[in-house]
Amino acid sequence: MNEFEDLLNSVNEVATGDVVTAEVLTVDAGQANVAISGTGVEGVLTLRELTNDRDADINDLVKVGETLELLVLRQVVGKDTDTVTYLVSKKRLEARKAWDKLVGREGEVVTVKVTRAVKGGLSVEFEGLRGFIPASMIDTRFTRNTERFVGQEFDAKIKEVDPAENRFILSRREVVEESAAAARSEVFSKIEVGSVVTGTVARITSFGAFIDLGGVDGLVHLTELSHERNVSPKSVVTVGEKVEVKVLAIDEEAGRVSLSLKATTPGPWDGVEQKLAAGDVIEGKVKRLTDFGAFVEVLPGIDGLVHISQISHKRVENPKDALTVGQDVTVKVLEVNAADERVSLSIKALEERPAREENASEEGEKRQSRPARRPKREAKRDYELPETQTGFSMADLFGDIEL
């Protein structure tokens, strides 16, 4: 009886919430049996109370003979016997210690591991404590695919700690923003307008491509991608490709950089004077039609203009009446202006002038060669005096004059 009373007294020394030291007796069937030191009673440590990793093997986490510090959760009495054991937890003790360490650490950056994607964000673990990162705080842009973060470790800033409510909120976005701000500052300190830098194609849009310069995304507008006109960005660059670009403009306050890819590659107009000259007759293809003429590609990337007046000897009201896009034509080079990137062409210069037009032209030349006729002098007019009327006398004419 005395031994039994001593045993009961020792059992009473263990209470829910106590932190105890225990030795691992056995490890079997996903749980470990432990002897709580100084009490004479045993405890049960399940895999669930050992780790949050449900796929873990308990044999990799605890060994027979190992001494552990555990938290007593509750008393368990056997159904068929009066044996008293206790459910203990290593995980929750670590969590309690973690809560104690977290209090007052709001604003600090810690390293967490993502355990799973949950509704509205990510569930993470820090020193045995479960935390939550809302979806709006994962990245600078809204993240739809949160599953890709599972298993990753990254830095996050502690936003809120409330042990009473078991509330532990973190933000990865703020860490990303601060890191990006530092990277932007470094990039802007190194680049200048006119410099050529190396970057990686980050995104492609309908209006151009964004190039990652190491913390700053610069835009290569569609017009700066290629010397060719009307090209698709996807036909020029691919995501992940390394490219050399020229800095056109910098707006550090707005965080914007304008870049050019075509400025780093030879242009079609470079050395065009050695390729084309006035008087050359070459083959070309009609690329565009406008109200004032047709643009014909005479060299890769070089379109010359056939003015509407140079399409035909006949009167052309609209270039579409005489030419079609894609049509192959033979043209004569009238002028090459490399500075203004202009080439003037003519189709009618290679065609025979219609006969009627030639005759009209020759007639006009003859008229211009004839000496100008003097204006005719006005012929002298003969004036006849009226016949003398009978019955007149000198007195009738000079009746009032005294002789």
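The values are calculated or read from the model by the stated rules, or taken from the named source; none is laboratory data. None of the values given here were measured: they were computed from a predicted structure. For neighbour counting, all protein chains shown are included, and Cβ atoms are generated from backbone atoms with ideal geometry for every residue, glycine included. What goes into the accessible areas is simple: the full protein's heavy atoms, side chains included, and nothing from ligands, DNA or RNA. Shrake-Rupley method; radii C 1.70, N 1.55, O 1.52, S 1.80 Å.
For the stretch 137-193, with all protein chains in place and a probe radius of 1.4 Å, 40% of the accessible heavy-atom surface sits on carbon or sulfur. Compared with the direct C-alpha span, the chain from residue 290 to residue 193 gains 31.3 nm at full extension, assuming 0.36 nm per residue. Counting 0.36 nm for each residue step from residue 327 to residue 92 and taking away their Cα separation leaves a gain of 76.6 nm.
Sorting the segments 94-100, 44-50, 188-194 by their mean number of nearby beta carbons within 10 angstrom, highest to lowest, gives 44-50, 94-100, 188-194. Students often get this wrong: which residues of the stretch 249-284 have the backbone nitrogen under 12 Å from the point 7 angstrom along Cα-to-C-beta of residue 221? Once the point is set 7 Å along Cα→Cβ of residue 221, 249, 258-260 turn out to lie under 12 Å by backbone N, inside the stretch 249-284. For the stretch 216-362, with all protein chains in place and a probe radius of 1.4 Å, 46% of the accessible heavy-atom surface sits on carbon or sulfur. Solvent-accessible surface of the stretch 310-360, averaged per residue with a 1.4 angstrom probe and all protein chains in place: 67 square angstrom. Exceedance of the 29 Å cut-off in Cα-Cα distance is limited, within the set 113/190; 242/285; 246/320; 97/119, to 113/190; 242/285; 246/320. Please compare each pair in 234/275; 90/157; 159/234 to a cut-off of 32 Å on the Cα-Cα distance and tell me which ones are over it. 159/234, as the Cα separations exceed 32 Å there.
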